[in-house]
Amino acid sequence: MHMNKINPSSKKQAAFMKKFFSGDDNEKNDKQIVFTNEGFHERIAIWVAIDDQPFTFVEYPEFRQLMEYCGIKASIPSADTNYQTDMRHKLQVNSDWNLKNVLLDFIYLTGSHTGENMMREFLKCTKDDFGILTKILTITADNAANNNTFLKKLGVACLNENIDFHYKKNHVRCLAHIMNLTCQEILKNIKAEEAQDENDILKEISKGSRDAHPLNDIIGLERDLNEFLILEDEWNILRELCCVFKMFYDATLYMSNSQFVTLSSSILIYNSLLEHLEKLLDENNKKYYCKSSEVRLAITKGYKKLKTYYSRTDDSHTYAIATIIDPRFKLSYYQKQEWEQHYIDAAKQIFTDTFKNNYQDNIDIINESENTINNDNDFFFNIFGSNSNNDYNEIEAYLQQPAASIKTNPLQWWKTNETIYPRLANMARNYLAIPGKHLIFFCTSVPAERVFSGGSDLITKRRSSLSHESIQACMCLKNWLK
C-alpha cells in the first residue's frame with residue numbers, strides 16, 4: 001500500500017482532498033454543489049489519473065473510513081470499474097496567443113518499431129481517431145533511421161489522400177538531439193582509457209593490506225591511488241571541454257523550455273554554435289583558441305557533424321518561414337549576418353509563396369461585431385466595400401517595419417498586431433507553434449522525454465502489471481486534466 005501517497009496528513013494530499021471535496025477550481029465559491037454519485041466517480045477518476053494513485057485505493061479500509069468520517073454516503077466504485085469520462089473537450093486552440101501543448105495519444109506499438117509500423121499507428125491516430133491528418137503542418141522528430149522511413153511512408157500515404165505533405169519540406173529535425181550528437185562526437189574523439197569499475201579499484205587497493213600495520217596501509221594506499229590521479233594536462237583538457245560545451249548547455253536549456261518559441265531561433269542557434277566552434281579552432285583568436293591538439297581534433301569532428309545537419313535545414317521550408325514570421329528577426333537577421341543576397345531572396349520567396357498559396361485568401365480578416373462598427377450603417381463601408389484592403393500588401397508592410405527587440409515575446413507581439421496583419425497573423429499562429437526540438441510525432445511543446453519519464457510515476461514496482469489500455473488512459477487523462 002502506498003502509505004506515502006494516501007496519507008491525508010501530507011500537504012499535497014490535504015490540498016488535493018480539499019479540492020476533491022470542494023469541487024472544480026473553476027466553480028464559484030458561492031455556488032451550491034449538488035452531490036451525485038456520477039460526479040463523485042468522475043472525481044475519483046481524476047484523482048487516480050492526476051496523482052498516480054493505484055486503482056485499488058478505493059478498496060482500502062482507510063479510504064472507506066475517511067469517507068465515513070467526512071459524512072459522505074456515496075457509492076464507492078470497485079478497483080476494476082471502467083470510467084468513461086470523456087476529456088477531449090479539454091483540447092482547444094488557445095485564442096490568446098499562448099503557447100499550448102496537448103498529448104493526443106499514448107500508443108502501444110506492437111511489433112518492431114519500424115518506420116512503417118509507426119506510420120500505420122500515426123495514421124490511425126490522426127486520420128481515424130481525430131480527423132486531423134489534413135491539418136498536419138510539420139513533424140518534429142529526432143534523427144533515427146526509422147523516423148526517416150516513417151516520414152517517407154507518411155509522405156506517400158498523404159500523396160494518395162491528396163494531402164500536401166512532403167517528407168523533407170515538412171520535416172523538422174530535433175536540434176536538441178543534433179546538439180547531443182555533436183557533443184558525443186567530440187567526446188568520442190577524446191582519448192581515454194576504458195573506465196574501471198569502482199568496486200574493482202577498491203578490491204585492488206585492499207589486497208594484502210588486511211593484516212598490515214595501519215601506517216603501512218596509509219603508505220600503500222597513497223602509492224596505489226597515484227595511478228588514478230588526474231594530471232595537470234588532463235585538468236587542462238577538462239577545462240577546455242567545459243568551454244566547448246558551455247554554449248551547448250545553454251542552448252539545450254533554451255530549447256527545452258516549453259514556454260519559448262523555438263523553431264524561429266533554430267537557424268540562429270546553429271550559426272552561433274558553429275561560430276563558437278570556429279573560434280575554438282582559430283589560432284589567431286587568442287581568447288578562445290584551444291591549446292590542446294587532442295581537443296582541437298575532437299572539435300573538428302564535432303564541427304563536421306553539426307555542419308552536416310545544418311546543411312539539411314535547406315530541405316525544409318519551415319525554418320525560413322518561422323524565422324521571417326518572428327518579429328524579432330524577419331529578414332534583418334540574414335542581412336546582419338551578411339548572407340549572400342540570393343539566399344535572402346530565396347528565403348523571402350519561400351515565405352511569400354507559402355503566404356499566397358495558403359493564407360492570402362483564406363481568412364475572415366476581422367471579427368466585424370467586435371472590432372468595427374455596424375457595416376449596415378457604415379457610410380464609408382457601403383461606398384468602399386471590403387475592397388479597401390485588397391491593395392494592402394501585408395508582407396511588404398510587415399517587413400518594412402523595424403525588427404522588434406530581441407527581448408520581445410513574439411506571440412504577444414502578434415497578439416497586439418494581428419488586426420494590422422490578420423493574414424500573416426494566421427500564418428504566425430501556425431509556424432511559431434512548431435517546435436525545434438523532438439516532442440512527440442508533431443506539434444506540441446512538451447518534449448516526449450517528459451511524457452515518457454512521467455511513466456515511471458505511473459508504472460511502479462507495485463503496479464507493473466498495468467495493461468497497455470490502462471497506461472494509455474492514465475497518461476492521456478493526466479495530460480488533458482493539467
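Mind checking whether some residue in the range 234-250 is open to solvent by 10 Å² or more (accessible area, probe 1.4 Å) and within 18 Å of the chain's Cα centre (by Cα)?
Taking the range 234-250 first, the residues open to solvent by 10 Å² or more (accessible area, probe 1.4 Å) are 234-243, 245-247, 249-250.
Next, from what is left, pick out any that are within 18 Å of the chain's Cα centre (by Cα): 249-250.
Yes, there is a match, as at least one residue in the range 234-250 is open to solvent by 10 Å² or more (accessible area, probe 1.4 Å) and within 18 Å of the chain's Cα centre (by Cα).
Suppose we filter Leu181, Leu187, Leu159 for residues that are open to solvent by 20 Å² or more (accessible area, probe 1.4 Å), over 30 Å from Leu306 (Cα atoms) and out of contact with any Cys (no Cβ under 9 Å at 6 or more places or on another chain); which single one remains?
On the way: Leu181 fails: over 30 Å from Leu306 (Cα atoms); Leu187 fails: over 30 Å from Leu306 (Cα atoms).
Result: Leu159 is the single residue among Leu181, Leu187, Leu159 that is open to solvent by 20 Å² or more (accessible area, probe 1.4 Å), over 30 Å from Leu306 (Cα atoms) and out of contact with any Cys (no Cβ under 9 Å at 6 or more places or on another chain).
Consider Val451 carefully, then state whether it is closer than 18 Å to Asn98 by Cβ, modelled with pLDDT under 90 and open to solvent by less than 70 Å² (accessible area, probe 1.4 Å). The answer is no for Val451.
The values are calculated or read from the model by the stated rules, or taken from the named source; none is laboratory data. Remember, it's a predicted structure, so these values are computed and weren't measured experimentally. Glycine gets a Cβ as well: all are built from the backbone with ideal geometry, and neighbour counts include every protein chain shown. Calculation scope for accessible area: heavy atoms of the full protein, side chains included, ligands and nucleic acids excluded. Shrake-Rupley method; radii C 1.70, N 1.55, O 1.52, S 1.80 Å.
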